[in-house]
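Trainee: Would you mind keeping the following structure in view while I ask a few things?
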Amino acid sequence: MSTTKKPVILAFLDTETIGLDPFLHDPWEIAVILRADGRDEEHVFRIRPDLSNADPQALLINRYHERTSAPDWKWDDPHTAATRLHSLLDGAVLIGSNVAFDAEMLTHLLGRYYAQPRPWHYRTVDVVTLAVGALYGRAAERTRNDCDATWYGRVARAVGWPWKSHDVSRHVQIEPPSPETRHTALADARWARDVWDQVTVPDAFYAASDEQLAAMAGDARSRLRGGER
């Protein structure tokens with residue numbers, strides 16, 4: 001009997017919350033970029049939180065009052081949003097920056113409606129840890145090639161400790177969200193997606209077939225001739 005293997009679904013995730021304690025603080029903006037069959041679908045949910053225990057510093061950092069007072073801001077129905085989230089994340093691998101925090105926040109949110117509030121895959125992926133691992137992997141390769149173990153120290157100095165997510169991101173050539181979009185759920189989810197792709201997806205040039213490389217070269221020659229006119 002043959003079994004059909006389920007496709008891997010990736011969910012690049014970020015939440016904005018009113019504090020850091022999942023027992024006290026609600027997520028109020030949740031972004032999911034769902035990748036299935038090579039296509040990305042963006043989803044954003046806005047759920048009005050209970051502010052009675054809100055951390056003022058958290059509200060300041062994610063600009064809660066400023067953003068939610070915008071004329072075009074609309075809150076989603078909580079039950080409808082939770083139902084949709086549970087369905088989207090069923091079996092998905094959660095990926096993000098410190099995504100274990102986001103997963104814990106969603107667990108408490110979905111626990112209000114579901115006996116199984118963790119429908120996603122049990123292993124989550126932190127893109128900062130992934131990127132640092134990639135940098136140390138490069139250090140290992142260069143150490144073998146150059147017989148120079150100082151590469152490890154260079155990585156350690158570059159990423160520091162504890163790792164600063166935006167510094168690590170820049171070391172893998174991904175610019176973090178701008179100050180204007182930072183701490184908005186969708187911008188941070190897109191950033192996590194870009195770091196993941198930078199580390200796990202080969203550059204198009206190296207993954208291209210001979211025919212694709214020839215087409216790239218032809219396009220480059222055409223642009224060069226156009227610039228010489």
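Trainee: Considering only the other residues whose Cβ falls under 14 Å of the Cβ of TYR152, what net charge follows from Lys and Arg at +1 and Asp and Glu at -1?
Mentor: So the surrounding residues net to +2.
Trainee: Quick one: which residues, 5 or more positions from TRP28 or on another chain, have an amide H under 5 Å from its amide H? H modelled 1.01 Å from N in the peptide plane, none for Pro or chain starts.
Mentor: Sorted by chain and number, the residues that satisfy this are GLU16, THR17, ILE18.
Trainee: With +1 assigned to the C-beta of every Lys and Arg and -1 to the C-beta of every Asp and Glu, and no other charges, what is the dipole magnitude of the chain about the Cα centre in debye, to the nearest 20?
Mentor: Using only the charged Cβ atoms, the result is roughly 440 debye.
Trainee: Still on this structure, I have one more. Could you work out the local net charge near SER169, counting Lys and Arg as +1, Asp and Glu as -1, over the other residues with Cβ closer than 10 Å to its Cβ?
Mentor: -1
Trainee: Dividing the convex hull volume of the alpha carbon atoms of the stretch 10-125 by its residue count, what do you get in Å³ per residue?
Mentor: In the stretch 10-125, the Cα convex hull volume per residue is 106 Å³.
Trainee: Name the residue, out of TRP163, TRP73, TRP28, whose mean-square fluctuation peaks in a Gaussian network model built on the chain with Cα pairs under 10 Å.
Mentor: The residue that fluctuates most here is TRP73.
Trainee: For the stretch 10-125, with the dipole built from +1 on Lys and Arg beta-carbon atoms and -1 on Asp and Glu ones, taken about the Cα centre, which of PRO119, PRO56, LEU109 lies farthest toward the positive end?
Mentor: Highest projection toward the positive end goes to PRO119.
Trainee: Per residue of the chain, what 222 nm ellipticity follows from adding -39500 (n - 2.57) for every DSSP H run with n ≥ 4, rounded to the nearest 500?
Mentor: That calculation yields -14500 deg cm²/dmol at 222 nm.
Trainee: A further question follows. For the stretch 118-123, just list the computed ³J(HN,Hα) in residue order, Karplus coefficients 6.51, -1.76 and 1.60, θ = phi - 60°, integers in Hz, with x standing in for Gly and Pro.
Mentor: Ordered by residue, 3J(HN,Hα) equals 10, x, 7, 4, 5, 9 Hz.
Trainee: Which peptide among 77-89, 52-64 comes first, and what is the full order, when sorted by highest mean count of other Cβ atoms within 10 Å?
Mentor: The most tightly packed comes first, giving 77-89, 52-64.
Trainee: May I pose another question? Roughly how tilted is helix 210-227, in degrees to the nearest 10 and between 0 and 90, from the longest Cα axis of the chain?
Mentor: 80 degrees
Trainee: Could you size up the charge dipole of the stretch 10-125 around its Cα centre, putting +1 on the beta carbon of Lys and Arg and -1 on that of Asp and Glu, and report it in debye to the nearest 20?
Mentor: 180 debye
Read-outs throughout are calculated quantities, based only on the coordinates presented, and are distinct from any laboratory measurement. Owing to the predicted nature of the structure, the values given are computational and were not obtained by experimental measurement. A quick note on method: Cβ atoms are made from the backbone with ideal geometry, for glycine too, and the neighbour counts reach across all protein chains shown.
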